[in-house]
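Data block below; observations after.
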Amino acid sequence: MKIIDKYLLQSLFMGFIAAAALLLPLFSTLDLVGELDDIGGDYRLVQAIEVVAMTLPRRMVELGPFIALLGGIAALGQLALTQELNTLRAAGISAARIGLSTVLAGALLAVALAAVDEFAASPLQQSAIQLRAHAIASVEGNGKDGSIWGRKDQQFVRVGGLRLGRIPTHIEVFSFDGDQVLKEYLFANYADIQPKGIWQLHEVTVKRWVDSDETVEHMDQMIWQSVLPETRLQEVALPADSLSSRQLYHYIEFLKGTAQPSAQYEVALWEKLGTPLLTLAMILLAVPFSFSQVRSTGLGSKLALGAVTGLLVYLTNQIIVNLGILFGLVPVLVGTVPALLMLVFSMSLIFRFDRKR
């Protein structure tokens, strides 16, 4: 690696650190303010601060493209202010060559953020969700009412919630015949999960219909073979953005195997690939920002313009993702195409700048 590459990498990573030091406290403060509305009972300020601290790695991953853009603008803009970029251009180093060094820095940042996402952000965010749910005595689920749904063949299952994050409660099982006529309804107050997908149901009521006759049976306990995945049940009840890539993959396989919609989780999985691409695109976008005339546009103005650009890119990406889920578009396209388009746009700006010079 050439000395100039090492120098640019060092400058860029210092810019990343500075951008992260600015953005993370700001967004963490906003997250804490949002938690203050729920403080009460067993959920106190100490728990709220702990929840925000545990979600800090997730916030860092989400802000990765912004950190890349603002850090790149700050680092390269400072080099432009000291005329070091002009010196490099005068020495015959093109903007594309400088962009290659920024891509390397962006790739290292993207790999680091992907590792944080998989091994730190997801587990900590899930623990934070469970801690918060236990403290405020609520259930975080993947349905609007906190319920968990499952299906196998003609049997549909609804779990109303998870007590203490692990005990299924208010379990309903609907069994249909081949003509889609309800033939049996089962309700259990709660269940103990045993190995190999066996649930021991408690306080059970079973209703059966044969022709026009209805029978009702009440039992204190009943053994039932669960149709829900054998993975930890609390993972099923977590929001898609808190799951790691492995958890998303296994849950998508379960949803497909039980003929349930999986588009939301497939998009979330492909977004994890799109985020590193978007990070590369944003740091490349910092190169044209930095090569603009320093006298006409100061570093502060560049950073402000970069922040607005990053916000517009984020909002556009979220709109595309939500529209893709709404209209049932191909998840791989929804999750990666916006980042790829942004990457192509950033590269075209750099090559256009080189041609003008």
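Residue by residue through region 70-84, note down the ones that are open to solvent by less than 30 Å² (accessible area, probe 1.4 Å) and more than 25 Å from residue 113 (Cα to Cα).
Within region 70-84, 79, 80 meet the criteria.
Can you name the number of the only condition in (1) farther than 23 Å from residue 306 by Cα; (2) touching a helix residue (DSSP H, G or I) at 6+ places or on another chain (Cβ under 7 Å); (3) small (Gly, Ala, Ser) that residue 72 fails?
Evaluating residue 72 over (1) farther than 23 Å from residue 306 by Cα; (2) touching a helix residue (DSSP H, G or I) at 6+ places or on another chain (Cβ under 7 Å); (3) small (Gly, Ala, Ser) leaves (1) as the failure.
Within the group 228, 273, 201, 233, which residue is within 30 Å of residue 107 (Cβ to Cβ) and either among the hydrophobic types (A, V, I, L, M, F, W, C) or not assigned by the TED database to the domain that holds residue 311 (or both)?
Numbers: 228 fails: within 30 Å of residue 107 (Cβ to Cβ); 201 fails: within 30 Å of residue 107 (Cβ to Cβ); 233 fails: within 30 Å of residue 107 (Cβ to Cβ).
Result: 273 is the single residue among 228, 273, 201, 233 that is within 30 Å of residue 107 (Cβ to Cβ) and either among the hydrophobic types (A, V, I, L, M, F, W, C) or not assigned by the TED database to the domain that holds residue 311 (or both).
Return the residue satisfying two criteria in turn: it lies in region 181-213 and is within 38 Å of the chain's Cα centre (by Cα) and without any contact (Cβ under 8 Å) to a residue 12 or more places away in the chain, and of such residues it is nearest to residue 166 (Cα to Cα).
194
Given the conditions (1) modelled with pLDDT of 90 or more; (2) closer than 14 Å to residue 342 by Cα, and given that residue 314 satisfies all but one, which numbered condition is not satisfied?
All conditions are met except number (1).
For region 241-255, does any single residue satisfy the condition of being of a type in the set (Val, Ile, Thr) and in contact (Cβ under 8 Å) with a residue 24 or more places away in the chain?
Taking every residue of region 241-255 in turn, none turns out to be of a type in the set (Val, Ile, Thr) and in contact (Cβ under 8 Å) with a residue 24 or more places away in the chain.
Rundown of residues vs (1) under 16 Å from residue 17 (Cα atoms); (2) open to solvent by 10 Å² or more (accessible area, probe 1.4 Å), yes/no style:
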residue: 55; (1), (2): no, yes
residue: 59; (1), (2): yes, yes
residue: 68; (1), (2): yes, no
residue: 86; (1), (2): no, yes
residue: 91; (1), (2): no, yes
residue: 96; (1), (2): no, yes
residue: 99; (1), (2): no, no
residue: 105; (1), (2): yes, no
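Just for region 232-265: of the residues that are open to solvent by 40 Å² or more (accessible area, probe 1.4 Å) and charged (D, E, K, R), which one is farthest from residue 113 (Cα to Cα)?
256
Looking only at residues in region 172-188 that are in contact with a strand residue (DSSP E or B) (Cβ under 7 Å, 6 or more places away or on another chain) and open to solvent by 40 Å² or more (accessible area, probe 1.4 Å), which one is modelled with the lowest pLDDT? Before you say what the answer is, go through the steps one by one.
In the first step, residues of region 172-188 are kept if they are in contact with a strand residue (DSSP E or B) (Cβ under 7 Å, 6 or more places away or on another chain); the result is 172-177, 182-188.
Adding the requirement that they be open to solvent by 40 Å² or more (accessible area, probe 1.4 Å) leaves 174, 176-177, 182-185, 187.
Numbers: 174: 96, 176: 93, 177: 89, 182: 93, 183: 93, 184: 95, 185: 96, 187: 97.
Checked region 172-188; the qualifying residue modelled with the lowest pLDDT is 177.
Could you list, in sequence order, the residues of region 336-351 that are β-branched (Val, Ile, Thr) and either touching a Pro at 6+ places or on another chain (Cβ under 9 Å) or open to solvent by 80 Å² or more (accessible area, probe 1.4 Å) (or both)? Show your work before the answer.
Just the residues of region 336-351 that are β-branched (Val, Ile, Thr), to begin with: 336-337, 344, 350.
Matches in region 336-351: 344, 350.
Among the residues of region 157-171, count how many are in a strand (DSSP E or B), open to solvent by 10 Å² or more (accessible area, probe 1.4 Å) and touching a helix residue (DSSP H, G or I) at 6+ places or on another chain (Cβ under 8 Å).
Step one: filter region 157-171 for residues in a strand (DSSP E or B), giving 157-163, 167-171.
Cutting the leftovers down to open to solvent by 10 Å² or more (accessible area, probe 1.4 Å) gives us 158, 160, 162-163, 167, 169-170.
Keeping just the survivors that are touching a helix residue (DSSP H, G or I) at 6+ places or on another chain (Cβ under 8 Å) gives 162.
The total comes to 1.
For region 107-129, name all the residues that are buried (at least 20 other Cβ atoms within 10 Å of the Cβ), polar (S, T, N, Q) and more than 25 Å from residue 280 (Cβ to Cβ).
In the first step, residues of region 107-129 are kept if they are buried (at least 20 other Cβ atoms within 10 Å of the Cβ); the result is 109-110, 113, 117, 121-122, 125-126, 128-129.
Now restrict to residues that are polar (S, T, N, Q): 122, 125-126.
If the condition is that a residue be buried (at least 20 other Cβ atoms within 10 Å of the Cβ), polar (S, T, N, Q) and more than 25 Å from residue 280 (Cβ to Cβ), then 126 is the only one that fits.
Residues checked against (1) more than 19 Å from residue 151 (Cβ to Cβ); (2) of a type in the set (Val, Ile, Thr); (3) out of contact with any Gly (no Cβ under 9 Å at 6 or more places or on another chain):
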residue	(1), (2), (3)
178	no, no, yes
187	no, no, yes
195	yes, no, yes
211	yes, no, yes
214	yes, no, yes
217	yes, no, yes
226	no, no, no
229	no, no, no
241	yes, no, yes
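Take the conditions part of a helix (DSSP H, G or I), farther than 15 Å from residue 268 by Cβ and either assigned by the TED database to the domain that holds residue 275 or open to solvent by 60 Å² or more (accessible area, probe 1.4 Å) (or both) and apply them to residue 333. Does it pass? If you could, list the steps in order and put the result at the bottom.
Working: part of a helix (DSSP H, G or I): yes; farther than 15 Å from residue 268 by Cβ: no; either assigned by the TED database to the domain that holds residue 275 or open to solvent by 60 Å² or more (accessible area, probe 1.4 Å) (or both): yes.
Against the criterion (part of a helix (DSSP H, G or I), farther than 15 Å from residue 268 by Cβ and either assigned by the TED database to the domain that holds residue 275 or open to solvent by 60 Å² or more (accessible area, probe 1.4 Å) (or both)), residue 333 does not qualify.
The values are calculated or read from the model by the stated rules, or taken from the named source; none is laboratory data. Worth saying up front: this structure is predicted, and the values here are computed from it rather than measured. Please note: Cβ atoms are built from the backbone with ideal geometry, for glycine as well, and neighbour counts cover all protein chains shown. Note: areas computed on protein heavy atoms with side chains; ligands, DNA, RNA excluded. Shrake-Rupley method; radii C 1.70, N 1.55, O 1.52, S 1.80 Å.
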